[in-house]
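First the structure, in the form of structure tokens, and then the observations on it.
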Amino acid sequence: MLLEVDRNIFLRQLEKSDTIDIFNTIVSQREYLGKWLPFVEFTNKITDTESFVDSVINTPEDKFEIVFTIREQDTFIGLIGFKGTDNINKKTEIGYWLSEKYQKKGIMTKSVKKLCDFAFHEKGMNRIQIKCAVDNEPSKEIPKRLGFKYEGIERDGELLSGNVFTDLEVYSKLKSDL
């Protein structure tokens, strides 16, 4: 599956062949990505990333979460996808990360917007939430720019590198907000 964000940016459903690009990006940007992404600390071998990709691709259909690579033309630049989807209650969460060199260009905001449109109009979702570490200002700006409503703090919601918990700000958007 391929979603066009703009003429240069595409969301392509995760494939086994993306493993090397994901791993190389994590390894080359370990300090930058590891500040907010707990899995970076545990991604030390290509097999770690292979396991992640396999877990996404081979999930049974009733629990399957769509994850996309973010691509500038054919170049891998990040990941975005759904997690914790509750199809009965028609709600999901979006998680994302972007390579450092592609930050501050509006790519992630446009990618999240595209994924929200897909969730509401193609997947039939009613609610989307995004959680961001309270000190991760760039990440928090994305749901704010897209009209998500601030709901509050999930205390000690995520365990970061160094065994340190961080509070998460919770944002949501309903289909009726459109």
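Coordinate-derived values only; no laboratory data. Everything numeric here is computed off the predicted structure, so don't read it as measured data. Quick reminder, even Gly has a Cβ in these numbers, built from the backbone with ideal geometry, and neighbours come from all protein chains shown.
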Quiz prompt | Extreme residue, nearest to L33 (Cα to Cα), among residues of the range 120-144 that are in contact with a Ser or Thr (Cβ under 9 Å, 6 or more places away or on another chain) and in a loop (DSSP other than H, G, I, E, B) | solution = N136
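Yes/no matrix, rows are residues, columns are (1) surrounded by 12 or more Cβ atoms within 10 Å (Cβ to Cβ); (2) farther than 27 Å from I88 by Cβ; (3) touching a residue at least 40 places away in the same chain (Cβ under 8 Å); (4) not hydrophobic (A, V, I, L, M, F, W, C):
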site: M125; (1), (2), (3), (4): yes, no, yes, no
site: N136; (1), (2), (3), (4): yes, yes, yes, yes
site: E151; (1), (2), (3), (4): yes, no, no, yes
site: E158; (1), (2), (3), (4): yes, no, yes, yes
site: S172; (1), (2), (3), (4): yes, no, yes, yes
Quiz item: Conditions: (1) surrounded by 13 or more Cβ atoms within 10 Å (Cβ to Cβ); (2) under 23 Å from T85 (Cβ atoms). I26 meets all but one. Number of the miss?
Solution: (2)
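Checking the structure you have, find out if any residue of the range 54-64 is in contact with a Leu (Cβ under 6 Å, 6 or more places away or on another chain) and surrounded by 13 or more Cβ atoms within 10 Å (Cβ to Cβ). Steps first, please.
Pass one, the range 54-64, residues in contact with a Leu (Cβ under 6 Å, 6 or more places away or on another chain): 56.
With surrounded by 13 or more Cβ atoms within 10 Å (Cβ to Cβ) added as a condition, the list becomes 56.
The answer is yes, given that some residue of the range 54-64 is in contact with a Leu (Cβ under 6 Å, 6 or more places away or on another chain) and surrounded by 13 or more Cβ atoms within 10 Å (Cβ to Cβ).
Working carefully through the options D117, D21, find the one that is acidic (D, E) and touching a Phe, Trp or Tyr at 6+ places or on another chain (Cβ under 9 Å). Before you say what the answer is, go through the steps one by one.
Numbers: D117 fails: touching a Phe, Trp or Tyr at 6+ places or on another chain (Cβ under 9 Å).
None of the other options fit; the residue is D21.
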Quiz item: In the range 95-106, what residues are under 21 Å from R7 (Cβ atoms) and out of contact with any strand residue (DSSP E or B) (no Cβ under 6 Å at 6 or more places or on another chain)?
Solution: K101, Q103, K104, K105, G106
Exercise. Would you be able to say whether some residue in the range 75-88 is under 23 Å from N8 (Cβ atoms) and exposed (fewer than 13 other Cβ atoms within 10 Å of the Cβ)?
Key: yes
Exercise. Could you pull out the residue among L2, L14 that is under 17 Å from the mean Cα position of the chain (by Cα) and surrounded by 13 or more Cβ atoms within 10 Å (Cβ to Cβ)?
Key: L14
